[in-house]
Amino acid sequence: MLQRMSGVFIGALFGTIFVVANAHDPLNPAIGIALRVLAVLTFAGLLALALLAGRRGQPAPDDAEVPQADWFRGKFAFVVGAEAVLLIGGNLALRAAGAPEQTAVAWIALIVGLHFVALMAVWKRRSIAVPGATLTALGATGLGMAATSAVAWVPFVSGVLSGVALLGGCAYAITHTYRSAARP
């Protein structure tokens with residue numbers, strides 16, 4: 001359970017960072033602050049729920065999916081390495097091509113989403129397919145928006161909404177684990 005929860009914590013942390021870093025203009029400042037506060041409170045609530053689940057004991061298997069003995073080696077390391085190369089190389093290429101600075105968050109969302117899709121196959125966890133597909137779509141949408149007059153909204157679409165998707169996916173996983181741990 002510790003390995004799975006560490007992945008969920010990482011997802012929730014990055015979801016929070018996506019919201020905090022991107023909830024700005026053209027959003028109304030009050031809405032931006034409210035979104036940031038809500039993201040941080042959501043992260044704190046998910047952390048508390050995960051700790052409670054851990055105290056209750058080991059959860060039941062996740063939707064009859066096969067648990068992995070070691071989630072963070074082998075194919076995982078390859079996926080994360082490829083993600084790092086694509087994140088850095090893609091952002092450098094976008095800058096060299098003169099893309100607007102807002103494309104950075106869209107590119108990050110796209111690559112992080114694709115990394116989740118790849119990890120779905122590695123970990124055999126269908127539950128990460130939804131946030132993976134969502135981030136991929138939000139990243140691609142943001143990249144498309146960057147070539148339009150809506151470029152100022154790319155951080156909201158690809159950043160804030162991606163953060164919400166990550167936090168929602170993590171909330172699902174932690175809630176499922178909490179409920180599984182509560183079952184007799």
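The values are calculated or read from the model by the stated rules, or taken from the named source; none is laboratory data. Since this is a predicted model, take the numbers as computed values, not measurements. So basically every Cβ, Gly included, is an ideal-geometry build from the backbone, and we count neighbours across all protein chains shown. Just the protein is used for accessible areas: all its heavy atoms, side chains included, with ligands, DNA and RNA removed. Shrake-Rupley method; radii C 1.70, N 1.55, O 1.52, S 1.80 Å.
Can you tell me the 0 to 90 degree angle between the C-alpha axis of helix 103-123 and the longest principal axis of the chain, rounded to 10? In the chain, helix 103-123 runs at an angle near 30 degrees to the longest axis.
Provide the FRET efficiency to the nearest 0.05 for the Arg95-Arg179 pair, computing r from the beta carbons and using R0 = 45 Å. Once the sixth-power term is evaluated, E becomes 0.50. Rounded to the nearest 10 degrees, the inclination of helix 29-56 to the longest alpha-carbon principal axis of the chain is 20 degrees. The residues of the chain have, on average, 52 Å² of accessible surface per residue, using a 1.4 Å probe with all protein chains present. Model label sites at Ile31 and Ala44, defined 7 Å from Cα along the beta-carbon direction, differ in position by 2.5 nm. Highest mean first, the peptides 155-164, 81-90 sorted by other C-beta atoms within 10 Å per residue fall in the order 155-164, 81-90.
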